[in-house]
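Data first, discussion second: the structure below is written as structure tokens.
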Amino acid sequence: MRVFIIGVSGAIGGLLAQELLDRGDLVSGLVRREQQRADLAARGVETRVGDLASLSADDLASLLTGMDAVVYTAGSNAGARDVTVAIDGEGVVTALDAASLAGVRRLVLVSVLPEAGRGQNLSADEEFYFAVKKLVDVTVSMSELDWVILRPSLLTDDPATGTVALGPAQPHDEIPRADVAATLAEILHEPRISRQILELTQGATPIAQAVRAARPARQGDGPDSGNEDRPHRKVELA
Ligand SMILES: NC(=O)c1ccc[n+]([C@@H]2O[C@H](COP(=O)([O-])OP(=O)(O)OC[C@H]3O[C@@H](n4cnc5c(N)ncnc54)[C@H](OP(=O)(O)O)[C@@H]3O)[C@@H](O)[C@H]2O)c1
């Protein structure tokens, strides 16, 4: 599989690149600086230099031609508003348009749990960031592409656990970036995960099993459909 990662120089992007390379996939991506190109080339990742804030959809489409999937994991992480608009907002729209122009059907977006930070006296810029992230999820979910939106809870740099909780709704908690990257790689290799918003946090289900269980059930699915992996956990509200 050929995967283009927007945000490949970032923490999740770098971990995802390694996950995919370990599976034998071809990985390329967008970076902002020449030095990043050299570092990533040494790891087997081909990169193109460009700034999301100024790339047109046509420019980006020319980099996406021939890819099987695009992953968008670039983000401002709640910085200044103009950067949030450019990277968490308009950049995603540019990537959607570019994927369509390049004929790349599959786009996986790393988003955020909308209730993250609730009750923590967020700054106005942070509130703005969460609002932009949500509106972009709406935009992606209305696109004609084969999209997937993954919303991880608070990211940590703890070591991978190999287990997660994944589904249409998960409580906000925290999760190692390494487990997010492994889940993204698994989703990319599971084409039946399509046009879905999935929330992700730390949990006890092995990642491959969690992704299998997140597939939509189809009529006639046999006993190995993954449905048997769906957790039937009672949620304690108090
Ligand atoms: N922090 C959390 O707890 C949390 C929780 C849930 C979801 N998220 C989301 O998870 C995603 C990835 O997180 P992360 O920890 O991997 O972030 P990260 O390490 O800060 O990586 C961000 C990536 O975006 C790239 N980028 C930023 N501005 C760009 C521009 N103008 N042009 C091209 N690339 C640009 C960065 O490139 P450079 O290397 O050049 O800076 C970097 O590759 C973000 O979208 C974030 O919103 C975060």
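Before moving on, here are some points about what is shown:
- Using Cβ point charges alone (K and R +1, D and E -1), the dipole size of the chain about the Cα centre works out to roughly 360 debye.
- Spin-label model distance (nm) - Val85 vs Ala169, 7 Å beyond Cα toward Cβ: 3.4
- Estimated from helical segments only, the mean residue ellipticity of the chain at 222 nm is -10000 deg cm²/dmol, where each DSSP H run of four or more residues counts as -39500 (n - 2.57).
- Hull shadow area, averaged, the stretch 45-121 [alpha-carbon convex hull, nm²]: 6.0
- Percent carbon-and-sulfur accessible area, the stretch 2-229, ignoring ligands, DNA and RNA, probe 1.4 Å: 49
- Residue-normalised accessible area of the chain, given per residue in Å² at a 1.4 Å probe: 49
- The 1.4 Å probe gives accessible areas that order Met67, Met1, largest first, as Met1, Met67.
- Kirkwood hydrodynamic radius over Cα pairs of the stretch 2-229, then Stokes diffusion coefficient at 4 °C and 1.567 mPa s, in µm²/s: 73
The values are calculated or read from the model by the stated rules, or taken from the named source; none is laboratory data. Model, not experiment: these values are computed from the prediction. All Cβ positions, glycine included, derive from the backbone under ideal geometry; neighbour counts span all protein chains shown. Calculation scope for accessible area: heavy atoms of the full protein, side chains included, ligands and nucleic acids excluded. Shrake-Rupley method; radii C 1.70, N 1.55, O 1.52, S 1.80 Å.
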